[in-house]
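Heads up: the structure comes next, in structure tokens.
The values are calculated or read from the model by the stated rules, or taken from the named source; none is laboratory data. Quick caveat: nothing in here was measured; it's all calculated off a predicted structure. Here the Cβ positions follow ideal geometry from the backbone for every residue, glycine too, while neighbour counts run over all protein chains shown. Ligands, DNA and RNA are stripped out before the accessible areas are found, and what is left, the full protein with its side chains, is counted by its heavy atoms. Shrake-Rupley method; radii C 1.70, N 1.55, O 1.52, S 1.80 Å.
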Amino acid sequence: MWPLWGLLLVGAAGALQVPPGNETARMARFVVHACDWGALATISTHYPVWGQPFANVFSISDGEVSNSSGVPYMYLTAMEISVRDLQVNGNASLTLSLAQTSYCKEKSYDPQNPLCAHVIFHGVVEKVTGAEADFAKTALFSRHPEMEYWPRDHDWFFAKLNIANIWVLSHFGGIEMVTPKDYFNATP
């Protein structure tokens with residue numbers, strides 16, 4: 001096992017401690033907070049790939065740089081092809097990787113190297129309203145300021161991945177599962 005003891009990630013919040021690779025719940029929280037986008041996979045509802053996996057890139061945020069909630073929020077429109085899939089079947093998986101940051105390049109880690117940690121979340125994408133939508137708006141617009149100026153006639157809404165399952169690969173030895181309870185109790 002190759003833990004990431006004492007390594008640094010330089011991100012939007014400045015220098016952050018990358019958790020040890022064997023602290024999988026902490027690592028998952030760290031990765032979701034460090035990444036600004038991910039690959040969301042849905043089950044396709046359009047031909048010629050109906051019923052097949054379909055992945056697409058989405059901007060995400062789990063909170064402002066100083067406030068990690070662990071919940072991946074998105075800004076969506078029904079005009080987007082993957083959102084059409086979600087309207088039929090809300091199940092999705094979201095993959096995030098430290099390869100999306102400068103960390104892995106600085107360490108000369110290939111994106112597939114387990115030391116370049118990545119997380120796979122599975123759950124249901126759900127629209128959020130009220131205070132949670134306000135939190136999502138602040139979280140997303142603080143990291144993706146141009147979103148605020150996207151076309152109003154696209155009927156944008158805030159959504160989250162309601163996490164049911166979590167897999168983390170952050171060291172050699174194989175992928176590990178983390179319970180949502182352990183994930184949300186961890187400090188990034």
Identity of the residue in segment 141-188, small (Gly, Ala, Ser) and in contact (Cβ under 8 Å) with a residue 60 or more places away in the chain, that ends up farthest from residue 25 (Cα to Cα): 142
query: Does residue 89 satisfy the condition of being open to solvent by 50 Å² or more (accessible area, probe 1.4 Å) and under 13 Å from the mean Cα position of the chain (by Cα)?
result: no
task: For residues that are farther than 15 Å from residue 41 by Cα, in contact with a helix residue (DSSP H, G or I) (Cβ under 6 Å, 6 or more places away or on another chain) and in contact (Cβ under 8 Å) with a residue 24 or more places away in the chain, tally how many sit in segment 111-139.
output: 2
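For the structure I just gave you, tell me whether residue 129 is modelled with pLDDT under 95, closer than 20 Å to residue 63 by Cα and surrounded by fewer than 16 Cβ atoms within 10 Å (Cβ to Cβ). Steps first, please.
Details: modelled with pLDDT under 95: no; closer than 20 Å to residue 63 by Cα: yes; surrounded by fewer than 16 Cβ atoms within 10 Å (Cβ to Cβ): yes.
Spelling it out, it is not the case that residue 129 is modelled with pLDDT under 95, closer than 20 Å to residue 63 by Cα and surrounded by fewer than 16 Cβ atoms within 10 Å (Cβ to Cβ).
Has segment 121-131 got at least one residue that is of a type in the set (Gly, Ala, Ser), within 20 Å of residue 87 (Cα to Cα) and part of a helix (DSSP H, G or I)? Before you say what the answer is, go through the steps one by one.
Kept after step one, since they are of a type in the set (Gly, Ala, Ser), are these residues of segment 121-131: 123, 130-131.
In the following step, the residues that additionally are within 20 Å of residue 87 (Cα to Cα) were identified as 123.
Keeping just the survivors that are part of a helix (DSSP H, G or I) gives none.
No, there is no match, as no residue in segment 121-131 is of a type in the set (Gly, Ala, Ser), within 20 Å of residue 87 (Cα to Cα) and part of a helix (DSSP H, G or I).
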task: State whether one or more residues within segment 87-107 are of a type in the set (Phe, Trp, Tyr) and either modelled with pLDDT of 95 or more or on the phi > 0 side of the Ramachandran plot (or both).
output: no
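Can you report the number of residues in segment 144-188 which are basic (Lys, Arg) and surrounded by fewer than 19 Cβ atoms within 10 Å (Cβ to Cβ)?
So the first thing to find is which residues in segment 144-188 are basic (Lys, Arg), and the list is 152, 160, 181.
Cutting the leftovers down to surrounded by fewer than 19 Cβ atoms within 10 Å (Cβ to Cβ) gives us 152, 181.
Looking only at that region, the number is 2.
Mind listing just one residue for me: the one in segment 69-86 that is in a helix (DSSP H, G or I) and open to solvent by less than 10 Å² (accessible area, probe 1.4 Å) and, of those, farthest from residue 144 (Cα to Cα)?
Filtering segment 69-86 for residues in a helix (DSSP H, G or I) gives 81-86.
Going one step further and asking which of them are open to solvent by less than 10 Å² (accessible area, probe 1.4 Å), we end up with 82-83, 85.
Details: 82: 20, 83: 19, 85: 24 Å.
Here the residue is 85.
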